[in-house]
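Student: Can you read through this structure? Questions will come right after.
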Amino acid sequence: MPRPTPTTITLSIDGREIQAPENAMLADAAKLADVEIPVFCYEPKLGQPVGACRMCLVEIEGIPKLQTACSTAVKDGMIVHTQSERARVAQRAIVEFLLINHPLDCPVCDKGGECPLQDITFGWGAGDSRFIEPKRHFRKPLELSPLIAIDRERCILCYRCVRFAQEISEDYQLILLERGEHSFVGTFDGHPYVAPFSGNIIELCPVGALTSRPYRFRARPWEIEGAGTLCTLCPAQCNVTLTVRDERVLRVLARQHDEVDDGWLCDKGRFAYQAVHVDERITAPMIRDGGELREVGWERALAEASAGLRRAGARTAALAGGGASNEEGLLLGRLLREGLGSPHLDSRPGGAVSLDEWRALSAPALAATVSDLEFAHAVLVLDCEPVDDAPILELRIRKGVRRRHVQLAVATDRPSALDPSARTLRFAPGRGAELAAALAAALRGGDVDALAAAAGSGADAVRALAGVLREAGDEVVILYGERLLDGGAAGLLALADALGLAGHPGAGLIGIPDAANGRGLRESGVLPNAGPGLGDPALDGGRDTTAIAAGLGSGELTAVYLLGVDPLRDLPDRAAWAEALEHASTVIVHAGFLTDAVREHATVVFPAEAAAEKEGTVTHPDGRVQRLRPAIARQGAVRAEWSILAELAARLGTDLGVRSGAMVSAALFDAVPFYAGLTLEELGGHGVRWPTREQAATLPSPSDAAAAPRAPRPAPAARGGALAFGSYRSIWAGPEVAASPALAFLHPEQRVELSALDARRLGLEDGVEMLVSDETGAQIHARIAPRDAVPPGSAFLQRGIAADSANVLIGSTIEILPIPEPVEPAAEADPDGGPVEEALV
Amino acid sequence: MNRVARFAHGSRVPGWDQAADLDKDPSGVPDPALVEVPPQLRAEIEAAMARYPERRSAALPALAAAQRVHGWCSPEAIEQVACVMRLTPAYLSSVATFYDMFELEPVGRHSVYVCTNISCSLRGADGLYAQIAEAAAGDPEINLRSFECLGACDIAPMVSVDHVYYGPLGPGDAQRLVEDLQAGRDPIPELALALRRSADPNANGA
Amino acid sequence: MSQTILLADIDEPGLATLEVYERRGGYQSMRKALAMEPAAVIAELDASGLRGRGGAGFPAGRKAAFLPKGDLDKYLVCNADESEPGTFKDRELMQKNPHMLIEGIVIAAHAAGASRAFIYVRGEYEAQARILDSALAEALDAGYIGERILGGEFSCSVVLHRGAGAYICGEETGLLDSLEGKRGNPRLKPPFPAVQGLYQGPTLINNVETLSTMPYIIRIGGAEYAKLGVANGAGTKVVSVSGHVQRPGNYEVELGTPSREIIFGLAGGPPEGRRVKLWFPGGSSSPVLTEADLDIPYDFDSLAKAGTMLGSGAIIVVDDSTPVLDVALKLAKFYRHESCGKCTPCREGTSWTVRMLERIASGEATPMDLDIMASVQEHIIGNCLCVLGDAMAMPIGSMIVKFREELESHMEYQQLAGAA
C-alpha cells in the first residue's frame, strides 16, 4: 500500500505563516509555528481524534463556531487564532469545567510536576473558579491491577486509556462504565486489568488518575533524570527512557521510535526494570567451591575461568543469547576462535542453518521494516506468536489491520491472539517448515497435497491462503519465528521467491530471533559456520548448539562458555543439557540470576550487566543497529561484560586490543563489513538500518545452488490417545519477570492447552493438575486448560519457565495421566530420601 | 429517579469506590470451551448477529435477550452474550451500563416505569410515582422506576407496565395498578394507550 | 390545518395492516418512485421544500443528495428514537400507520441508493416496535422490501433495531454508534453521516415523520406539496401538544398556523382560570417563549426569529401555577441524566447547573449565582461535541433572562423563610 506523501500547504496561526503537511491536524501543525494548543483527549497514537475534552477550541476565520484543533485538518490559506478573546474565553471555560470534579490534590499526587492538567491549568486556565459546590470524594487510590492504581476523583474522562484498550491493544478489557457525569473507568465485574500492554495507560493518562503502583511515590519529577536506551528483554528492542534517581532505575517510559515501537511498551519491558535492583540479582563473581557457589573477588574468578578455558583449549564451546550485545558477540567469537582455537560457538537454540541460507535470509533485498507491517498489502505471520515473541510488533500488526486494512494471514500451529483479525491456517505442532514449503508449492507449483499433509494442514486451505497472499498486492511482509528455521529456511526462501518479495520496497521478511539480540549475535559472528558479517568462519568444523550438547555429553568438549544463556531453561532437551553440563569440567556463565544451569552447573559465574548498565550495540530483527547507553552505574561489583571477555582473552595470550566500550564498538564496525563506517554518534538515539546502507553490498551473496527444501518429515505416528504437542514461550517467561516483585504474579505455571473436544474425550477438567508424559517417558506436571481454538489432536505447553518446562519433553506426542498418589516416605527403601525426590521431578 | 443515586455532598456513585479484585483472572473474550450458554439464548443471539453486516451491532438485542432469560444483566448473563458474540464481557458491560433499560441488579419481574419528565410532572407524575411506590412497597416483584420522557405526554401522567403504556392515571389508579399486577390481571386495561383515538379533530375525516 | 396528510383516517380500524393500507392506495407511491430515477426522486423531494421533522429541520432533498453516488454500501437509517421531552408524534404514526413509514423508507432508500435500511426505535416503544415487526413481515412477504422489490432491480432490506433507553441516541451520530452495538456517544463531525456514517458507509438518516411524508409527496408531486405551509417551511407538521392544556395530543397543522390556534384552538389552552406562563415551542430543548409570543406563526423561520426553534414540533405549555424554578430544575436534571459524558462542557456543565439550581431551590443562592449560571450556559453553548449541552443551556439561559425577577424573588423568599 503506498504510504501517504503529503503535500505542503501554508497557513497562518496567531499571525505566523507556517508550512505544514496538508491534512495534518491543526493541533500538530501549530507546533511547527511554536504555538502550543492545549489538549487532553488528543493523542495521535490513539488513532482518529475524538474531540471529547474540547480543550483545544480555537477560532478559525470563516467558520462561525470555535473548532477543536485536534480534529481540524489544516487547509491552505487557513487563518487560525488560538489566543483571540473568544478562544481564550472558551479555553478558560473548559479548564474551569474540568476542575469542577478534579480534587486539586496536587501536593499529594504522584503526577504533580509532570501533569498536563497542572500545566494547562497554569497556562490556559483563569486562575480561579466560581465553583463553590462540594466536590465529589471517593475512596482512592484503588487497585485496577497489581500494576496500576486508579484514582477516579482525578479522572477527567479523556478516554485515552479506554481508547488504548480498544484501538491499540484491542483487548477491550478496560472500559467506561455508566453514563454522563457518572461515567468511570473500570473493568468487567471487578476483574483486574491485566493484559500484555496495560502499562501504557499510565503513560497516556494526562492526570494522576492512573499511576504505576511500583513507581508511586518513589520520586518527584525534579529529583529524577531520564536516560534514553533500549529494552533488551526481547527482540523487539523497544526504545525506552529510564527514570533514574540516585543510580536506581525507578521507571521505564516509552521513547517513541516509529520504526521500532511506535511509542508503546509491553508490561515486561515497562516493569521488569525492578529486576535490576533486587537482592536475588547476581552482582559479584562467584566460583563453585566444594559444590557450592560462593562470591569471590574478580581476580579469583578471572583466574579460575582462564585456567578452565586454558585446560579445555579448543575443546571449549560457547553459546550466546539473551541480551548479549554485538560487541560481546564479537569478543566471544574472538576469544573462542583466536584465543582458544575453537570453532564451536552458536547463538541459536535449534539445529544449524546453512551459511548460504543465512546470507539469503539477511539479504537487504528481502529486508522488510517494522513500519512495513503497517503499510503492507498483506502480512503473513508464520510460525510465531508476536505477542509472546516480540510483543510490540503485535500492536503494529493490529494497527495496520485496523487503520490501513492490511490483510492479515496467520499460519501457526498454536492458536494466535491475532486470529480474530486474521485469515488463519493451522498446521500440526512443529510443522512450520512443511507449511512454508507447502505455501511455496501452492504459489509456484509443486506437490501441495503431500506437503500440506506433512504439515498437517488441508491442501485446499493452503491453496486458499496462498491465493490471498498472491492477490493481496505486491507488498507482502512475512513475519516468521526463529524455530521455522529448524529445517524451514529453504521453504521460507522459496515462499519469498514465489511471492516476488525480493527488491520490492515495502515487502520482505522479518525474522524474530529466539534471543533478544539474535540477529546481532549472528552478524557479529556467533555462529558455528560464519564469522563476523556472515563471512566465512576463520575456523571450520564448528558445532551447532545441539552438537555442542552432544559433544559435552560425550566428553569431546570439556568446557562451555554461556553468555546470557541458560540451556536448561532456554534450549530444547533439558535432559541432554543437564547431562552435558554435568560432564563439562568448566562451565563459565554470565548471568543475572541463579537459574537452574547456573545454580547447579556453573563453575564460574560472572555477573551480567542489566541493559540499563550496558554500553554497546544490538541489532533489531529488521537490521537496525541500535545503541545501548548506560543509564546507571553498574550495581555491586558488576563489570562491563565485554571487558571480562577481553580480559580472559588477554590472560589466554590474545590481546583483543580493546580498552573501552567505544573501542569495542569500533572494532565491531571494523569487523562486520556491512557495519563498516558506523559510529556511535551516527547511531545516536535512533539507530541505523544497515540494509539501507551502501555497505550492505558487502554481505556475501549466497551461492547459486539454491537449496532444495528439505524433504518433509513423515507425519508423526499416532499413539492411541496421545496428542501431538507443540511448545511456546510466553511473554512472561523469563527470570527478569520472576525476579521483579511487581511482575512476579504473571510468571507462568505450566499448563497444557488442548481442545475442548479432547478434554471431554479424555475426561480432563479445567484447572486440574495432571502428569504429562511423552513417548520417551519424559514427564512434567501441568494444569489442564481446555481451549476452543486448539485443533483437536494437538496440545501446547510452555517452555522457558522455571519449573515443568516443556523442554523436558523430547518426543512429539504426549499422554495426559493422573498424578500418581504420592509414595509414602519410603524410609526403609531409601534411607537418605534424596534420589526418590529427584526421581519425581 | 435514576438507577444511580444522585450524589450530593458525601454521597456515592456505585462502582466508583470499587477496586479490582486482584484474585480474579483478567477477563478476556470467554473461551467457548469454558462457558455454557442456554441453547435458546444462543440461537437468539446468533439470529440477531445475522441481521447486521457487523455482528457487534447485535449487542443491544443480545443483551436484551439475556436480560429476558436471566431477569437482569448479571455477570453470568453478560459472559454468555460475550461468549456467543466473541466480545469481551467488559465491552458489553460498558454498553449495558450506558442504557437505562438494562438492569444491573436483580429486579422484580414486572417493570413499572413512571414518566416523571416535564410534561408528565406538570400533570402530577411525581405524586403518581409516590402513590405507586406506596402501593407497591415491599413487593419484590415490582420494579418501579422513575423514567425520563417516555413519549406519551398526551396521556400524562402515565406509566409503562411491562412495556405497555397506560394513562392518564387519576386518583386511585395507582392502587388499582398494583393490585391488578399482584393479582396477575392485565393492569388498568381501560387506560391502555392502544385504545386511545387521535386528539386531532381532523384526523378521522371530520 | 386545512390539510390532513399524516393523520388522515389515522384511527381507521386495521390501518396498521397491509390489507387496509393497500386498500387506501398504499405502496402506490413506492411503485411510482421505483419507476423513477433516484435523481428524479430527489428532485421531487427538493421541490417539495420538505424540511426534516426530527429537530434540525434540514431540507430532506438536499440531505439525500449529499450521499456520494456510485457502487458503495450505503445505508438508510430511520430515526425512531423519539425521546425529546414533549414529543410523541412518531409514536402515533408508527403505531397506527406503520406501512406509510415503510413505504417512505423504500422511497428514500431508492433515492439515496441505499440497499440496507434500519429503523432505530427507542426501546421503550416496545408496543410500536411489535407493530412495526408485523408490518415489516407483511411488507417482506408482499415483496415491498427485501430482495428485488416488486421484481425490479432495487433491493433494500429493512431491519428494526430496538434501542435500550438513552436520549442521546436520538442524536444522529449517537444513534449510529448505538446501532453499531456501542455506547451511544455522538461522533465528531465532520465527517458527516452522509459521507461516513453507519459502518463507515454513506448514510442517510431521517426522522419517522419525514419519511412518512414522502409517499404523499411522491403521490402529489413536490411542487404541489410545496404549496402547503409557508415559504421555507412547506407542508404540514404533526405537533405534539402537552403540559398544561386541556386536550393534549398530536395535531397536524400547516406550517405557519398561529401558535395560539394550536395551543388554544386545538389543544384547548390551559385549564380554566390559568394563564400561559411559558411554553416550549419545539420540545424541551427549545428556548422558552411566554404568553406574549402566542401569536407567532408556527413555522421554522418565525420561531427562529423569535430566538427559539421549531425543533421536534412539540409544544409544552406551562401555566402560572408552576414556578419556573421547578421547570428549570426538572429540565436540567433530565439533561444531566442524559448527557453521554463524552465531552467536558456538557458533562460538567449540566451537573453544575443542576447543583446551582438546587442551591437556589434550597435558598442558599444569591443573585450572583444567577449570573454565574447564565455564564455557565454561555460557556456550554457552541462548545460541545453535539447539541445536547446546548439543548439544556439554551432553554435554561432563556429562563434566566425571561424569568430573572421570579427567580430572584424566590431566592429572597427562601432566605427570608430561612431567617424566620
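The values are calculated or read from the model by the stated rules, or taken from the named source; none is laboratory data. Keep in mind that what you see is a predicted model, and the values were worked out from it rather than measured. With ideal geometry, Cβ positions are generated from the backbone for all residues, glycine too; neighbour counts draw on all protein chains shown.
Student: Scan the range C:103-118 for residues that are away from chain B (no Cβ under 12 Å) and within 19 Å of the chain's Cα centre (by Cα) and jot them down.
Tutor: Passing the criteria: C:104, C:105, C:108.
Student: Of the conditions (1) within 22 Å of residue A:741 (Cα to Cα); (2) buried (at least 19 other Cβ atoms within 10 Å of the Cβ), residue A:206 satisfies every one except a single condition; which number is it?
Tutor: (1)
Student: For the range A:126-177, enumerate the residues that are facing chain B (nearest Cβ under 7 Å) and in contact with an Asp or Glu (Cβ under 7 Å, 6 or more places away or on another chain).
Tutor: Correct list: A:136, A:138, A:139.
Student: Identify the single condition in (1) in contact (Cβ under 8 Å) with a residue 60 or more places away in the chain; (2) away from chain B (no Cβ under 12 Å); (3) closer than 30 Å to residue A:167 by Cα; (4) surrounded by fewer than 24 Cβ atoms within 10 Å (Cβ to Cβ) that residue C:196 does not satisfy, given that it satisfies every other one.
Tutor: Among (1) in contact (Cβ under 8 Å) with a residue 60 or more places away in the chain; (2) away from chain B (no Cβ under 12 Å); (3) closer than 30 Å to residue A:167 by Cα; (4) surrounded by fewer than 24 Cβ atoms within 10 Å (Cβ to Cβ), residue C:196 violates only (1).
Student: Right, something else. Based on this model, can you work out whether residue C:327 counts as within 9 Å of another protein chain (Cβ to nearest Cβ), in contact (Cβ under 8 Å) with a residue 40 or more places away in the chain, β-branched (Val, Ile, Thr) and surrounded by 18 or more Cβ atoms within 10 Å (Cβ to Cβ)?
Tutor: For residue C:327, the condition - within 9 Å of another protein chain (Cβ to nearest Cβ), in contact (Cβ under 8 Å) with a residue 40 or more places away in the chain, β-branched (Val, Ile, Thr) and surrounded by 18 or more Cβ atoms within 10 Å (Cβ to Cβ) - is met.
Student: A further question follows. Of everything in the range C:145-162 that's under 27 Å from the mean Cα position of the chain (by Cα) and more than 20 Å from residue C:200 (Cα to Cα), which residue is nearest to the other protein chains (Cβ to nearest Cβ)?
Tutor: C:162
Yes/no per residue for (1) closer than 18 Å to residue C:185 by Cβ; (2) out of contact with any strand residue (DSSP E or B) (no Cβ under 7 Å at 6 or more places or on another chain); (3) facing another protein chain (nearest Cβ under 9 Å):
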| position | (1), (2), (3) |
| --- | --- |
| A:48 | yes, yes, yes |
| A:51 | yes, no, yes |
| A:59 | no, no, no |
| A:64 | no, yes, yes |
| A:68 | yes, no, yes |
| A:71 | yes, no, yes |
| A:80 | no, no, no |
| A:88 | no, yes, no |
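Student: Could you please let me know if residue B:110 is more than 7 Å from chain C (Cβ to nearest Cβ) and either surrounded by fewer than 18 Cβ atoms within 10 Å (Cβ to Cβ) or more than 25 Å from residue C:281 (Cβ to Cβ) (or both)?
Tutor: yes
Student: Mind checking which helices (runs of 4 or more DSSP H) fall wholly inside the range B:1-85 and carry at least 3 residues that are at the interface with chain C (Cβ under 10 Å from one of its Cβ atoms), modelled with pLDDT of 95 or more and over 30 Å from residue B:127 (Cα atoms)?
Tutor: Output list reads B:59-70.
Student: Of the numbered conditions (1) more than 24 Å from residue A:208 (Cα to Cα); (2) out of contact with any Lys or Arg (no Cβ under 9 Å at 6 or more places or on another chain); (3) buried (at least 16 other Cβ atoms within 10 Å of the Cβ), residue A:56 fails exactly one; give the number of that condition.
Tutor: (1)
Student: Check the range C:185-192 and report whether any residue there is in a helix (DSSP H, G or I) and free of Cβ contacts under 8 Å to residues at least 40 places away in the same chain.
Tutor: No, the conditions are met nowhere in the range C:185-192.
Student: Got a sec? Which of C:351, C:312 is crowded, with 24+ Cβ neighbours inside 10 Å, farther than 20 Å from residue C:86 by Cα and in contact with an Asp or Glu (Cβ under 7 Å, 6 or more places away or on another chain)?
Tutor: That would be C:351, the only listed residue that is crowded, with 24+ Cβ neighbours inside 10 Å, farther than 20 Å from residue C:86 by Cα and in contact with an Asp or Glu (Cβ under 7 Å, 6 or more places away or on another chain).
Student: Pairs, please: C-beta under 8 Å, at least 6 apart or cross-chain, first residue more than 7 Å from chain C (Cβ to nearest Cβ) and free of Cβ contacts under 8 Å to residues at least 60 places away in the same chain and in the range B:143-154, second of a type in the set (Lys, Arg) and in a loop (DSSP other than H, G, I, E, B)?
Tutor: Cβ pairs passing all conditions: B:143/B:109.
Student: Here is a further query. Quick check, is residue B:54 charged (D, E, K, R), surrounded by fewer than 23 Cβ atoms within 10 Å (Cβ to Cβ) and within 20 Å of the chain's Cα centre (by Cα)?
Tutor: No; evaluated as a whole, the condition is false for this residue.
Student: Would you mind listing the helices (runs of 4 or more DSSP H) fully within the range C:1-102 where at least 3 residues are in contact with a Gly (Cβ under 9 Å, 6 or more places away or on another chain) and within 14 Å of another protein chain (Cβ to nearest Cβ)?
Tutor: In the range C:1-102, C:89-96 are the helices (runs of 4 or more DSSP H) which contain 3 or more residues that are in contact with a Gly (Cβ under 9 Å, 6 or more places away or on another chain) and within 14 Å of another protein chain (Cβ to nearest Cβ).
Student: Kindly indicate whether residue A:307 is in contact (Cβ under 8 Å) with a residue 40 or more places away in the chain and more than 18 Å from residue A:737 (Cα to Cα).
Tutor: Here the answer is no, as residue A:307 does not meet what is asked.
Student: Let me ask you something else. Sort out for me the helices (runs of 4 or more DSSP H) sitting completely within the range B:96-201 that have 3 or more residues that are under 25 Å from residue C:184 (Cβ atoms).
Tutor: B:118-122
Student: Yes or no: residue A:123 surrounded by fewer than 22 Cβ atoms within 10 Å (Cβ to Cβ) and not in a helix (DSSP H, G or I)?
Tutor: When the stated conditions are applied, residue A:123 does not pass them.
Student: With respect to residue A:193, is the statement that it is assigned to a loop (DSSP other than H, G, I, E, B), over 30 Å from residue C:389 (Cα atoms) and not acidic (Asp, Glu) true?
Tutor: Yes, satisfied.
Student: Residue A:34 is checked against (1) under 30 Å from residue A:19 (Cβ atoms); (2) charged (D, E, K, R); (3) without any contact (Cβ under 8 Å) to a residue 60 or more places away in the chain; (4) within 13 Å of chain C (Cβ to nearest Cβ) and fails just one. What number does that condition carry?
Tutor: (4)
Student: Let me ask something else. Given the criteria in contact (Cβ under 8 Å) with a residue 60 or more places away in the chain and closer than 30 Å to residue C:243 by Cα, does residue C:86 qualify?
Tutor: Yes: the conditions hold for residue C:86.
Student: Ok, one more. Answer with yes or no whether residue C:336 is within 14 Å of chain A (Cβ to nearest Cβ) and without any contact (Cβ under 8 Å) to a residue 12 or more places away in the chain.
Tutor: Criteria not met by residue C:336.
Student: Just need a number here: residues in the range A:281-306 that are surrounded by fewer than 14 Cβ atoms within 10 Å (Cβ to Cβ) and either modelled with pLDDT of 95 or more or part of a strand (DSSP E or B) (or both).
Tutor: Number satisfying all stated conditions: 5.
Student: Determine which single condition residue A:668 fails, assuming it passes every other condition in (1) in a loop (DSSP other than H, G, I, E, B); (2) in contact with a strand residue (DSSP E or B) (Cβ under 9 Å, 6 or more places away or on another chain).
Tutor: Failed condition: (1).
Student: Answer yes if at least one residue in the range C:48-71 is within 19 Å of residue C:157 (Cα to Cα), buried (at least 23 other Cβ atoms within 10 Å of the Cβ), in contact with a strand residue (DSSP E or B) (Cβ under 7 Å, 6 or more places away or on another chain) and not assigned by TED's automatic domain parsing to the domain that holds residue C:259, and no otherwise.
Tutor: Checked against the condition, which is being within 19 Å of residue C:157 (Cα to Cα), buried (at least 23 other Cβ atoms within 10 Å of the Cβ), in contact with a strand residue (DSSP E or B) (Cβ under 7 Å, 6 or more places away or on another chain) and not assigned by TED's automatic domain parsing to the domain that holds residue C:259, the range C:48-71 yields at least one hit.
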